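The numbers here are math on the coordinates, done by the rules we state, and not lab data. All values reported here derive from a predicted model rather than from experimental measurement. Here the Cβ is made from the backbone with ideal geometry for all residues, glycine too, and neighbour counts use every protein chain on show.
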Protein chains: 2
Amino acid sequence: MTDPGHSPRERYRTQVRADIKRHAWEQIATAGVSALSLNAIAKLVGMSGPALYRYFASRDDLITELIRDAYRSLADTVAAAAKDGADLSGLAWVIRDWARADPQRYFLIFGTPVPGYHAPDDTTAIAAEVMAVLLDAGELLPAGEPATPLETHLDAHRAWIYDHPATGSAIRRALTFWTRLHGILSLDLAGQFANMDLDLDLLIAEEIDALRKH
Amino acid sequence: MTDPGHSPRERYRTQVRADIKRHAWEQIATAGVSALSLNAIAKLVGMSGPALYRYFASRDDLITELIRDAYRSLADTVAAAAKDGADLSGLAWVIRDWARADPQRYFLIFGTPVPGYHAPDDTTAIAAEVMAVLLDAGELLPAGEPATPLETHLDAHRAWIYDHPATGSAIRRALTFWTRLHGILSLDLAGQFANMDLDLDLLIAEEIDALRKH
DNA sequence: AGTGATAGTTATAAGTTCTAACTATCGCGA
DNA sequence: TCGCGATAGTTAGAACTTATAACTATCACT
């Protein structure tokens, strides 16, 4: 048989792939994904241009893998926080920190979409992991008296949360947590709050706190 | 004197510039800003490659002008709605429609930032126009009893709204209107709600409605 | 030790932005 | 109406990019 999984060739290959990705992340962090150059990366890892195509079929292929890793990193971070007992507030701070650690990584997932590009299916599965954590956190809060129209709607269209038993109220809170936090984070990371001297944590805190009350 | 402003040369020049921008917008709408090719545009308007540099100093220069136009379009749209008496809800629908009309135009302003790129100063002035409208709309709502910590903070750090006399409560509502709506719109336009069968208008309505109550 | 898969090489094609150098055209003033 | 100067366009080319083709060296396993 060839390569049971840990042959020298295989180990070398995964090491070089990791090296390539490491340099790719550095480029993305400092100049954005549009400035990512396969040629430049190849030279940085010590090989010449086309050799890199032995490891990634194309530029899009490499970026897709980076997107996958970014999703994985976010899901793991959120899951770890949940395991440590974080509520919605705690999750908000964890996600804020994760986004700030590498804004371009955040935008790789949630930023400007490229028309025609479709994220691989497994990334939506990872996104569902994150959503499940948010749904769990949302369920810990008491639901309001009469369900709102949105809650009724979400309760009826629940296919995307798979078999999670969350109530309409919990789904609404999880969804709203997501949209509110993303709104704040993406505008902040994009520099739209520059020169506003805004206390972002105060804004996040009050927005998430409002979710607790409604 | 030369060119009082309406010489034949000048008129031809502005017409060609508009032509170039028109094709640029088409490219951006269908393939995103990263796929914008000066060469392709030049051929579409009937000139060969480098001739386009008579009209725009560089690719970045053209994009910057498109960003400026996008800001201008948004500000005009919002201002027109306000003149027609739109409240925060009405403004939300107008902005939603404006974003949907050309998602890539929306992302050109609010999408993934390019590290190192600084928007020209006049765009922040246009953004202030939009903010002024939101502040006006926020002032029409009654303020809650004790000001929240965020409202107190915003009241103290009000340099960015220039001389607008809005209260801390109004600033908070305008800011929150912006972050909430952007969170929803950007995730939707980016396709993050795909296959969720989500009634976006219901989500927007409840989020903006919650602002009225707090 | 030999051999076949793998990893690297260089050359090349077809793009891109953008500069340089040159030419043709257009419009204004005399 | 003629001429001249500013403007608009051209082609050539430099320095990049992604990506493929063809070839060679290396490495690990039988």
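Modelled spin-label separation between B:Ala40 and A:Asn39, with each label point placed 7 Å from Cα along the Cα-to-Cβ direction: 2.0 nm.
On the rotation that sends chain B to chain A, the chain B Cβ lying closest to the axis gives residue and distance in whole Å as B:Gly183, 1.
Packing here is the average count of other Cβ atoms within 10 Å per residue, and on that basis the peptides A:20-30, A:143-153, A:129-139, highest first, run A:129-139, A:20-30, A:143-153. Which pairs in the list A:Lys21/A:Lys83; A:Lys213/B:Lys213; B:Lys21/B:Lys83 are over 19 Å apart, alpha-carbon to alpha-carbon? Where the Cα-Cα span goes over 19 Å, the pairs concerned are A:Lys21/A:Lys83; B:Lys21/B:Lys83. For the pair segment A:165-180 and segment B:156-214, the centres of their Cα atoms are 17 angstrom apart.
The mean number of Cβ atoms from other chains found within 10 Å of a Cβ in peptide B:27-35 is 3, as a whole number. Summing Lys and Arg as +1 and Asp and Glu as -1 over all other residues whose Cβ lies under 12 Å from the Cβ of B:Thr123 gives a net charge of -3. The largest-to-smallest principal axis extents of the Cα set in chain B are 65, 52, 36 Å. For segment A:1-111, just say rounded, prolate or oblate: build the C-alpha gyration tensor, square-root its eigenvalues into a ≥ b ≥ c, call rounded for a/c under 1.5, and beyond that prolate if a/b exceeds b/c, oblate if not. Oblate. What is the diffusion coefficient of the protein assembly as shown in µm²/s, taking the Kirkwood radius over Cα pairs and the Stokes-Einstein relation at 37 °C with a viscosity of 0.692 mPa s? Reported coefficient: 138 µm²/s.
Indicate the gyration tensor shape class of segment B:74-134 (rounded, prolate or oblate), computed on the Cα atoms with a ≥ b ≥ c the square roots of the eigenvalues: a/c under 1.5 is rounded; otherwise a/b larger than b/c is prolate and the rest oblate. Note, shape of segment B:74-134 comes out oblate. Sorting A:114-121, A:160-167, A:206-213 by average packing, meaning the other beta carbons within 10 Å per residue, from highest down gives A:206-213, A:160-167, A:114-121. Full extension of the chain segment joining A:Ser7 with A:Asp199 gains 63.8 nm, where the gain is 0.36 nm per residue of separation less the Cα-Cα distance. Mean per-residue shielding of peptide B:167-176 is 2, counting Cβ atoms of other chains within 10 Å of each Cβ. Inter-chain Cβ neighbour count for A:183-193, averaged per residue, equals 6 (cutoff 10 Å, partner chain atoms only). Taking one equal scatterer on every alpha-carbon of segment B:82-170, how large is log10 of I(q)/I(0) by Debye at q = 0.11 1/Å? Relative scattering, expressed as log10 I(q)/I(0), comes to -0.42.
Residues in segment B:49-54 carry Karplus couplings, in order, of x, x, 4, 5, 6, 6 Hz; the curve used is 6.51 cos²θ - 1.76 cosθ + 1.60 with θ = phi - 60°, and Gly or Pro positions show x.
Orientation-averaged projection of segment A:1-56 equals 4.2 nm² [convex hull of Cα atoms, one quarter of hull surface area].
For chain B, the dipole from Cβ point charges (+1 on Lys and Arg, -1 on Asp and Glu) about the Cα centre works out to 900 debye, to the nearest 20.
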